[in-house]
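Report on the following structure.
Bear in mind these aren't lab numbers, they're just calculated from the coordinates by the rules spelled out. Please read these numbers as outputs of a predicted model, since none were measured by experiment. Virtual Cβ from ideal backbone geometry, glycine too; neighbours counted across all protein chains shown.
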Amino acid sequence: PADETGSNTIARNTQFELKLFSEFKAAGVKCELGNPNPDIKMSSSLVGQSYAVECKRIFSASDSSVHDNINSARDQLSELLSDNPDQTGMIALDITRRLTQGTDYLRAKNEEVAKLTNYPTSPLKKR
């Protein structure tokens, strides 16, 4: 939402982590929530590899917000992986807010393009 601030993002951040976790589970991926880091731990029996996933929501439309979030996730993973060299780090970014800037509509060239995004669309509000 447009009224989201840096001090009220915890619930939405957690929602993103849980949404991604549930998508992995629904796809049959063996995973569990971290406590507290990584956000998600998952493993693949196909390749015999385990992964540490750090989830970040891009809060601001600025490029520095993207870089700051990636750097934060990288730092968290570096610390975690130094004690777990057999794991591979992965960063999951939610860029919804960067795309929509906190509004409830999606800008697209036309309705056909909008449908390709799988983004829930609603009638546009007049400005």
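Length available on full extension from Leu18 to Lys109: 0.36 nm per residue minus the Cα-Cα distance, which gives 29.6 nm. Charged neighbours of Arg57, selected by a Cβ distance under 10 Å, balance to +1 (K, R count +1; D, E count -1). Sorted on the mean count of surrounding Cβ atoms within 10 Å across their residues, most packed first, peptides 26-37, 71-82 read 71-82, 26-37.
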